[in-house]
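Enquirer: Got a structure for you, questions after.
The values are calculated or read from the model by the stated rules, or taken from the named source; none is laboratory data. No experiment lies behind these values; they were computed from the predicted model shown. Don't worry about glycine lacking a Cβ; one is built from the backbone with ideal geometry, like all the others, and counts go over all protein chains shown. These accessible areas exclude ligands, DNA and RNA; they are computed on the full protein's heavy atoms, side chains included. Shrake-Rupley method; radii C 1.70, N 1.55, O 1.52, S 1.80 Å.
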Amino acid sequence: AGAWLPGTLAATGVSGTLAGPLHLVGLRYTTAQLDFTAQTLDLDWEPWALLRGELHVAQLTLERGALTVRLAAGGTAAARYWPLAVRIDHGVVSGFTVATPGRPPLLLDSVTLSGRIAAGPGRRSSLQLEWTLTYGGHTFVGAGTLTGTFAVPTLSARLSAPVAASARGSVAGRGAAVQGDGAAARRPGGRNRAAHRCRRRPFSPATGRASP
C-alpha cells in the first residue's frame, strides 16, 4: 500500500467494506508535498481494477475539504505522480478549498467530473468537468474537458459566468510555455468583447503566473 499511497492516511470514522462502498469521516492524507483533508468522503470503487494497474472509482462524493500544496526548496512544487491510472465514472466535489503558497485560495463550490486522469507519465487524460468556483473574490461557472498527457495537460473550457467565453490552453511543464486560443468573450445578451490568441510566455506551475 505504501508504494501506491506514499504518505500518512488517517480517518476519524470509517464504515462500509474495503470492496465498497465506503463512507469516511475526518479524512486526512499528508505527504511532504501536500496536505489533504475531507470532512466526508463517500467512495464506491472496483478493487479488482488494481490488478490491471488502474484505480477505478465508480462513484465519489466529497464534501467540505481542503488541499494545501507545499513548495520544495527553491520555491517550486515538488514533482510527484500517482503510480496508477485513474478512472472516475461519476464524482461530485463541494465546498473544497485549494491553497498554494503565494496565490489566493481557490474555492470549489461545486464540481462534477467523469473520465480518465493522466496521473503519471505515459497516460492520457479524458476528463469531463462542470464547475462553480470562487477565486480572488469572483465566482466562475463553466464546463470543460481535460485532455493531453501528464506532462502537457490541455483544458478546453467554456464559461457562462461572469461572462460567456471559451478557451483552450495547455501547460507544458516547469518553466515551459502557456499556449491557448481564446474565443470571443460575450456578455449574456450583449456583443462580443474581444477575440484573441494567447502569446507564448514563460510559465511557472508553482506560482500560476506568466511573465510579461
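Enquirer: Filter the stretch 7-64 down to residues that are closer than 30 Å to PRO101 by Cα, open to solvent by 30 Å² or more (accessible area, probe 1.4 Å) and among the polar types (S, T, N, Q), then give me how many there are.
Expert: Residues flagged as closer than 30 Å to PRO101 by Cα, open to solvent by 30 Å² or more (accessible area, probe 1.4 Å) and among the polar types (S, T, N, Q) within the stretch 7-64 amount to 7.
Enquirer: Need pairs with beta-carbon distance below 9 Å; first residue of a type in the set (D, E, K, R) and within the stretch 78-89, second assigned to a loop (DSSP other than H, G, I, E, B) and at pLDDT 65 or above; sequence gap 6+ or separate chains.
Expert: Going by the 9 Å Cβ cut-off, the qualifying pairs are ARG80/PRO6; ARG80/THR31; ARG80/ALA32; ARG80/GLN33; ARG87/GLU46.
Enquirer: Looking only at residues that are closer than 22 Å to ARG116 by Cα and out of contact with any Leu (no Cβ under 9 Å at 6 or more places or on another chain) in the stretch 136-158, which one is most open to solvent (accessible area, probe 1.4 Å)?
Expert: Restricting to residues being closer than 22 Å to ARG116 by Cα and out of contact with any Leu (no Cβ under 9 Å at 6 or more places or on another chain), the top hit is ARG158.
Enquirer: For the stretch 125-150, give me each residue that is farther than 15 Å from SER110 by Cβ, touching a Pro at 6+ places or on another chain (Cβ under 7 Å) and either free of Cβ contacts under 8 Å to residues at least 60 places away in the same chain or of a type in the set (D, E, K, R) (or both).
Expert: We begin by selecting, within the stretch 125-150, every residue farther than 15 Å from SER110 by Cβ; these are 125-127, 136-138, 145-150.
Of the ones still in play, those that are also touching a Pro at 6+ places or on another chain (Cβ under 7 Å) are 125, 136, 138, 146, 150.
SER125, GLY136, HIS138, LEU146, listed by residue number.
Enquirer: Quick check on the stretch 63-80. Is at least one of its residues part of a strand (DSSP E or B), modelled with pLDDT of 95 or more and over 14 Å from the mean Cα position of the chain (by Cα)?
Expert: yes
Enquirer: State yes or no: is THR145 within 23 Å of GLU54 (Cβ to Cβ), among the hydroxyl-bearing types (Ser, Thr, Tyr), assigned to a strand (DSSP E or B) and modelled with pLDDT of 65 or more?
Expert: yes
Enquirer: Condition test on ARG174, is it modelled with pLDDT of 85 or more and open to solvent by 60 Å² or more (accessible area, probe 1.4 Å)?
Expert: Here the answer is no, as ARG174 does not meet what is asked.
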